[in-house]
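The values are calculated or read from the model by the stated rules, or taken from the named source; none is laboratory data. Fair warning: this is a prediction, and the values are worked out from it, not measured in the lab. Cβ sites come from the backbone with ideal geometry, for glycine too, and all protein chains shown count toward neighbours.
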Amino acid sequence: MPTILLRCFAGMFGLCLVAPHLHAQDAVAQFYKGKQIRIVVGTGAGGGYDAYSRLIARHMSKHIPGNPTVIVANMPGAGSNMAANHIYSVAPKDGTQIGAVFAGALIEPLVSNTKLQFEPNRFNFLGSANDDVYVCIARKDATPQTFKEVFDKEITLGASGSASSAEVGTLLKNLIATKFRIVLGYVGSRSVALAIERNEVQGACGFSWPSISATNVGWFGPEGFMRVLVQTHVKGHAQLNAEKVPLVMDFARTAEERAILELYFSHSTFGRPYVMAPEVPADRLAALRTAFMATMKDPAFVAEAQKLGLDTEAVDGETVQKLVAAFYAAPPALIAKMKSALQPPN
């Protein structure tokens with residue numbers, strides 16, 4: 001008899017532990033049932049952010065309690081800051097609005113003098129669609145054959161006004177003394193790519209390797225005319241690591257230079273972040289974070305992403321939250337030197 005009583009007690013105790021969790025799930029499901037979740041993309045239609053968001057929208061509903069409809073709306077402007085401000089200040093805070101914004105927008109107050117209408121580090125993060133590994137690339141007929149040689153031989157790089165091209169080249173030139181001659185004025189990465197093909201410029205920094213390797217297949221490899229000089233990433237891409245393409249951090253001359261490089265390039269780990277307002281209820285945020293990662297691992301999602309040439313090495317929301325917090329907790333002196341190194345020459 002005592003054994004039976006103990007088993008009964010253990011079973012009741014287990015139910016007591018599970019019941020609050022089931023109740024929370026039920027409350028989230030009741031809220032989302034029949035509702036619509038809107039992903040606000042901070043770019044125009046047709047780009048990488050738009051492609052990821054529409055793919056996520058097609059698969060995420062089945063992983064959210066209550067199975068709400070998920071739609072996408074584009075709100076381009078100010079480097080995705082318009083969409084970020086909309087999520088932060090204007091959109092409903094009930095868990096029905098998600099923002100797809102540039103990673104650079106989340107660190108902009110620390111690297112530029114731009115005044116934002118929102119506080120990036122106060123966002124709630126669902127996660128990032130991928131861990132973007134950015135690279136510097138060069139034509140194989142360029143004079144510098146390796147990244148080590150760009151400290152002695154000049155190379156001309158094309159750049160648009162975005163953080164992924166102009167800022168990266170400027171940072172490396174100012175901080176570690178690469179002999180980059182940066183030609184500005186190109187309209188986006190495709191324009192820079194065409195300039196490289198026409199040999200107007202010899203290369204560029206700030207290209208995403210998962211993206212450019214998929215969209216410019218003939219550029220690289222033994223038969224291609226381009227090479228990857230260096231990875232501007234803390235850990236690097238598995239393929240490029242296997243090919244022994246160096247990490248830019250290894251070219252720092254001092255501990256401070258390395259710290260600045262690691263800090264700045266850590267933001268590419270959350271290459272395509274998805275954000276929600278600070279006021280979103282915790283149970284709904286937790287449910288959507290779980291749904292986001294389940295979507296990114298969904299076999300149907302992965303198969304469709306592969307057909308589109310999209311990388312699916314997602315980063316969970318808790319990790320992104322910690323990375324952004326670490327960025328804003330960095331020593332002010334280090335932030336100031338990084339910001340100074342990002343300023344283009346007069």
Item checked: Search result, residues across the range 287-333 that are of a type in the set (Val, Ile, Thr), buried (at least 21 other Cβ atoms within 10 Å of the Cβ) and under 19 Å from residue 95 (Cα atoms) -> 295, 320
Check: Taking the range 191-219 as the region of interest, how many residues are within 27 Å of residue 175 (Cβ to Cβ), assigned to a loop (DSSP other than H, G, I, E, B) and not aliphatic (A, V, I, L, M)?
Finding: 2
Next item on the list: Read through the list (1) modelled with pLDDT under 95; (2) over 30 Å from residue 124 (Cβ atoms), then give the number of the only condition that residue 242 fails.
Entry: (1)
Next item on the list: Please work out which residue is nearest to the chain's Cα centre (by Cα), limiting yourself to the range 1-58 and to residues that are among the aromatic types (Phe, Trp, Tyr) and at pLDDT below 60.
Entry: 13
Checklist line | Among the residues listed as 207, 220, the single one being under 17 Å from residue 266 (Cα atoms) and either under 20 Å from the mean Cα position of the chain (by Cα) or not acidic (Asp, Glu) (or both) | finding: 207
Next item on the list: Starting from residues that are in contact with a helix residue (DSSP H, G or I) (Cβ under 6 Å, 6 or more places away or on another chain), under 18 Å from residue 285 (Cβ atoms) and among the β-branched types (Val, Ile, Thr), keep the ones in the range 57-91 and report whichever is surrounded by the fewest Cβ atoms within 10 Å (Cβ to Cβ).
Entry: 70
Margin query: I'm told residue 128 meets every condition in (1) at pLDDT below 95; (2) in contact with a Lys or Arg (Cβ under 9 Å, 6 or more places away or on another chain) except one. Can you identify the failing condition by its number?
Written below: (1)
Notebook entry, point to check: So is residue 132 assigned to a loop (DSSP other than H, G, I, E, B) and out of contact with any Gly (no Cβ under 7 Å at 6 or more places or on another chain) or not?
Noted result: no
Next item on the list: Identify, from the list 112, 128, the residue that is in contact (Cβ under 8 Å) with a residue 60 or more places away in the chain, buried (at least 20 other Cβ atoms within 10 Å of the Cβ) and hydroxyl-bearing (Ser, Thr, Tyr).
Entry: 128
Check: What about residue 149, is it in a helix (DSSP H, G or I), acidic (Asp, Glu) and in contact with a Leu (Cβ under 7 Å, 6 or more places away or on another chain)?
Finding: no
Check: Of all residues in the range 227-286, which are under 23 Å from residue 89 (Cα atoms) and in a helix (DSSP H, G or I)?
Finding: 270, 282, 283, 284, 285, 286
Next item on the list: For the range 299-318, name all the residues that are farther than 23 Å from residue 46 by Cα and either free of Cβ contacts under 8 Å to residues at least 24 places away in the same chain or more than 16 Å from the chain's Cα centre (by Cα) (or both).
Entry: 299
Notebook entry, point to check: Is it the case that residue 173 is of a type in the set (D, E, K, R) and modelled with pLDDT under 95?
Noted result: no
Checklist line | Filtered residues of the range 43-95 (kept if out of contact with any Ser or Thr (no Cβ under 9 Å at 6 or more places or on another chain), among the hydroxyl-bearing types (Ser, Thr, Tyr) and more than 22 Å from residue 278 (Cα to Cα)) | finding: 52
Note to self: Taking the criterion of being of a type in the set (A, V, I, L, M), in contact with a Leu (Cβ under 7 Å, 6 or more places away or on another chain) and assigned by TED's automatic domain parsing to the domain that holds residue 326, would at least one residue in the range 94-109 satisfy it?
What the structure shows: yes
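Any idea which residue in the range 172-190 is farthest from residue 153 (Cα to Cα), counting only those that are part of a helix (DSSP H, G or I) and touching a Ser or Thr at 6+ places or on another chain (Cβ under 8 Å)?
188
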